[in-house]
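In what follows, a single structure is set out as structure tokens and then discussed.
The values are calculated or read from the model by the stated rules, or taken from the named source; none is laboratory data. Everything numeric here is computed off the predicted structure, so don't read it as measured data. Because the Cβ atoms are built from the backbone with ideal geometry, glycine has one as well, and the counts that use them run over all protein chains shown.
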Amino acid sequence: LKVGVLVSGSGSNLQALIDSCAAPDHPAEIVTVISNRPGVKALERARNAGIEAVTIDHKTFADRTGFDAEMQRALDAAGVEFVCLAGFMRLLTTEFVEHWSGRMINIHPSLLPAFKGLNVQQRAIDAGARFSGCTVHFVTPEMDVGPIIQQAAVPILQGDSAESLAARILEQEHRIYPGSLRWIAEGRVKIEGERVLLDGATA
Ligand code: GRF
């Protein structure tokens with residue numbers, strides 16, 4: 001399965017995907033990494049792994065449609081069959097999302113459907129939640145809503161800051177995101193309505 005990864009920042013999830021796909025028996029290959037922000041660490045991680053690293057700066061486009069069309073062109077040029085969003089911080093047009101329907105996943109640092117959107121670690125702490133975590137899900141036009149593939153929970157501890165909680169969640173992100181991609185590449189993940197059915201996959 002030829003995979004394209006969209007990033008905006010540090011790319012620690014990208015690194016986890018790169019490391020996982022490096023296994024000789026892995027059925028997925030990351031063929032391109034695209035960032036909407038120039039100079040980010042994620043691009044360096046891609047280059048270090050010998051993967052094409054592309055910058056498509058959203059600021060150089062008049063609107064989201066033009067930006068998404070350029071991303072589509074780059075994904076097609078690289079032969080991408082499946083897209084992973086890994087800390088990609090731009091909203092995507094409905095047209096782009098529908099084009100990749102069932103073929104694009106995201107990792108989000110909360111236990112969806114709780115705490116969609118931004119600043120979710122601080123919001124979970126402020127809500128007095130005892131647990132948070134992360135969710136891998138298919139991307140649908142509405143943000144942070146699509147069918148859930150995998151989740152991991154972590155405790156929220158007394159004295160946690162957004163940073164300490166984010167670090168605890170990230171450890172789990174780095175475990176479940178590669179796991180979900182592997183299941184998908186092995187053909188074990190099916191969407192049935194609003195839910196995901198896993199065939200023989202164990203968390
Ligand atoms: C992660 O917490 C991810 O869940 C969120 O953005 C962050 C990206 O981190 N969508 P990184 O760039 O993968 O290090």
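Would you confirm whether any residue within the range 180-191 is more than 16 Å from I105 (Cα to Cα) and surrounded by fewer than 20 Cβ atoms within 10 Å (Cβ to Cβ)? Looking through the range 180-191, none of the residues is more than 16 Å from I105 (Cα to Cα) and surrounded by fewer than 20 Cβ atoms within 10 Å (Cβ to Cβ). Pairs, please: C-beta under 6 Å, at least 6 apart or cross-chain, first residue free of Cβ contacts under 8 Å to residues at least 40 places away in the same chain and not assigned by TED's automatic domain parsing to the domain that holds M89 and in the range 105-132, second assigned to a helix (DSSP H, G or I) and among the charged types (D, E, K, R)? From the range 105-132, the pairs are F115/R123.
With a cut-off of at least 1 residues that are within 12 Å of the ligand (Cβ to nearest atom) and closer than 22 Å to W183 by Cα, name the helices (runs of 4 or more DSSP H) lying wholly within the range 1-99. Per the criteria, 12-21.
Sub-8 Å Cβ pairs linking a first residue in the range 31-47 that is under 14 Å from F67 (Cα atoms) to a second residue that is among the small types (G, A, S) and assigned to a strand (DSSP E or B), at least 6 apart or interchain, are I34/G4; S35/A53, ordered by first then second residue.
Answer yes or no: is there a residue in the range 125-136 that is surrounded by fewer than 20 Cβ atoms within 10 Å (Cβ to Cβ), within 11 Å of the ligand (Cβ to nearest atom) and among the hydrophobic types (A, V, I, L, M, F, W, C). Reasoning before the result, please.
Just the residues of the range 125-136 that are surrounded by fewer than 20 Cβ atoms within 10 Å (Cβ to Cβ), to begin with: 125-131.
Then drop every residue that is not within 11 Å of the ligand (Cβ to nearest atom), which leaves none.
No, the range 125-136 has no match at all.
Selection of the range 13-25 for residues being surrounded by fewer than 16 Cβ atoms within 10 Å (Cβ to Cβ) and not charged (D, E, K, R) yields A22, A23, P24.
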